[in-house]
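Some notes on the structure that comes next.
The values are calculated or read from the model by the stated rules, or taken from the named source; none is laboratory data. Remember, it's a predicted structure, so these values are computed and weren't measured experimentally. Here the Cβ is made from the backbone with ideal geometry for all residues, glycine too, and neighbour counts use every protein chain on show. We work out accessible area using only protein heavy atoms, side chains counted, and drop any ligands, DNA or RNA first. Shrake-Rupley method; radii C 1.70, N 1.55, O 1.52, S 1.80 Å.
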Amino acid sequence: MSMNLWRLLSGRSASAPVARERLQILLAHERGLRGQPDLLNILREEILAVVSRHVDLDPEKVVVRMDRGDNVSTLEVDIELPNGVEPRRLAVVV
Amino acid sequence: MAKVLVVTSGKGGVGKTTSTAALGAALAQLGEKVVVVDFDVGLRNLDLVMGAERRVVFDLINVVHGVAKLSQALIRDKRLDNLWLLPASQTRDKDALTDDGVGKVINELREKFDWILCDSPAGIERGATMAMRFADEAVIVTNPEVSSVRDSDRIIGMLDSKTVKAEKGEQIKKHILITRYDTSRAARGEMLNIDDILEILATPLLGIIPESQDVLKASNVGSPVTLNNAASAPAKAYTDAARRLMGESIAMVVPSERKGFMNRLLGRRAAA
């Protein structure tokens with residue numbers, strides 16, 4: 001009660017409720033991700049295995065990226081092939 | 001039966017080492033035989049907070065590697081003869097801690113002590129996972145502040161998946177210890193309140209330690225706050241927390257300010 005009175009007198013609004021709300025949203029998201037296997041790394045390993053069956057490539061030049069949007073998420077796979085073998089870049093956007 | 005308790009947090013600077021020293025001393029003052037173990041390899045500080053920095057000869061890594069016997073590395077407190085310290089190494093890095101080696105040391109400690117308090121380093125790397133690995137219970141030190149609560153949540157997730165107990169399908173008992181609780185800021189709604197923190201983390205509360213000069217004074221002179229000034233508010237809060245760890249049920253007291261009118265005015269001006 002004294003807290004409300006103080007807030008009324010000082011004219012300041014409390015920031016703690018904002019902190020609470022931000023944390024609740026963030027942690028709900030982070031807990032959902034926890035415990036899942038590392039999806040991106042698994043994808044990267046498997047894509048690497050498939051492609052390198054046909055083409056020699058540098059494992060460092062395989063980039064797998066995921067972007068989360070509100071409605072759709074995108075998975076971007078960027079594989080750089082060495083020159084001389086196949087002079088082109090494969091870019092697949094799913 | 002011996003209990004292994006990890007004092008952890010994820011975030012640095014929230015008061016893990018201070019709390020390990022204070023809870024360890026409080027348990028010893030209550031008659032338990034206690035060892036506090038520093039897992040912060042390379043950045044040890046528990047020795048300093050306990051006032052034993054000049055008595056360190058051997059350390060945890062030496063014992064893990066068989067260079068020294070456990071009895072050679074343990075340092076007995078000069079004030080309480082049932083309180084001991086196992087310091088961390090200052091020169092080695094965290095990779096020197098092996099699962100097997102630490103497990104053996106913890107088992108040996110279980111035979112000698114009632115309580116083994118493991119002071120975790122900050123972060124979620126090897127030092128922190130080794131400190132929690134063999135724990136039966138955990139104290140998660142949390143400040144009423146967003147980044148600390150988020151990191152505590154992360155650490156709770158690790159306690160529930162990366163400890164030996166969790167891997168066996170058992171529950172590790174977890175407690176939240178709120179430290180650096182500032183009554184006046186809480187009253188102004190500037191600080192997350194305790195109910196919110198407990199609801200967000202869904203973990204029971206062990207105690208609330210008020211922000212206090214006494215905590216700083218105690219570490220300045222190398223004495224756990226429960227020994228340095230037993231009558232102070234933080235010392236009382238730590239002692240209550242220790243009693244709760246021992247299974248006593250003690251009513252939770254939210255620290256409150258007892259300031260006169262003039263002090264309040266001055267305090268407000270300082271805070272503004």
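Observations
- Of the residues B:GLU199, B:GLU108, the one with the largest accessible area comes first in the ranking B:GLU199, B:GLU108, computed with a 1.4 Å probe on protein heavy atoms.
- Translational diffusion coefficient (Stokes-Einstein; Kirkwood radius from C-alpha pairs) of the protein assembly as shown at 4 °C, 1.567 mPa s, in µm²/s: 56 µm²/s
- Beta bridges assigned by DSSP with both partners in the protein assembly as shown are antiparallel in approximately 30 percent of cases.
- Shielding by partners, peptide B:157-164 (average Cβ within 10 angstrom, other chains): 1
- Segment B:THR91..B:SER147, full-extension length gain: 17.2 nm, with 0.36 nm per residue of separation and the alpha-carbon distance subtracted.
- Between B:LYS174 and B:ALA138, the built amide H atoms are under 5 Å apart, and every one of these is 5 or more places off in sequence or on another chain.
- Set B:LYS69/B:LYS173; B:LYS78/B:LYS236; B:LYS3/B:LYS168; B:LYS94/B:LYS236; B:LYS69/B:LYS217 screened for pairs whose C-alpha atoms are more than 29 Å apart: B:LYS69/B:LYS173; B:LYS94/B:LYS236; B:LYS69/B:LYS217
- Helix B:16-29 axis versus longest C-alpha principal axis of chain B: approximately 80°, rounded to the nearest ten.
- Computed on the Cα atoms alone, the convex hull of chain B gives a volume of 128 cubic angstrom per residue.
- Mean separation of Cα contacts under 8 Å (6+ apart) over length of region B:89-239, as relative contact order %: 17 percent
- Highest GNM mean-square fluctuation among B:ALA131, B:ALA187, B:ALA241, for chain B modelled with Cα contacts below 10 Å: B:ALA187.
- Straight Cα distances below 13 angstrom link B:LYS174 to the aspartates and glutamates B:ASP136, B:GLU137, B:ASP153, B:ASP160, with same-chain residues fewer than 8 positions distant left out.
- Exposure of B:VAL49 as accessible area (Å², to 10), given a probe of 1.4 Å and all protein chains: 20 Å²
- With Cα atoms, 0 to 90° folded angle of helix B:261-271 axis to chain B main axis: 60 degrees
- Partners for B:LYS33 among aspartates and glutamates (Cα-Cα distance below 12 Å; same-chain residues under 8 apart left out): B:ASP77, B:ASP81, B:GLU111, B:ASP114
- Tilt relative to chain B, helix B:233-245 - C-alpha long axis, 0 to 90 degrees, to 10: 50 degrees
- Sites B:HIS65 and B:LYS168, calculated FRET efficiency, Cβ-Cβ separation with R0 25 Å, nearest 0.05: 0.40
- By accessible area with a 1.4 Å probe, ligands and nucleic acids excluded, highest first: order of A:HIS29, A:HIS54: A:HIS54, A:HIS29
- Taking both sides together, the accessible area buried where A meets B is about 1600 Å² for a 1.4 Å probe.
- Inter-chain Cβ neighbour average for residues B:141-150, partner chain, 10 Å: 2
- Neighbouring Cβ atoms from other chains, within 10 Å of the Cβ of residues in A:25-32, number 3 on average.
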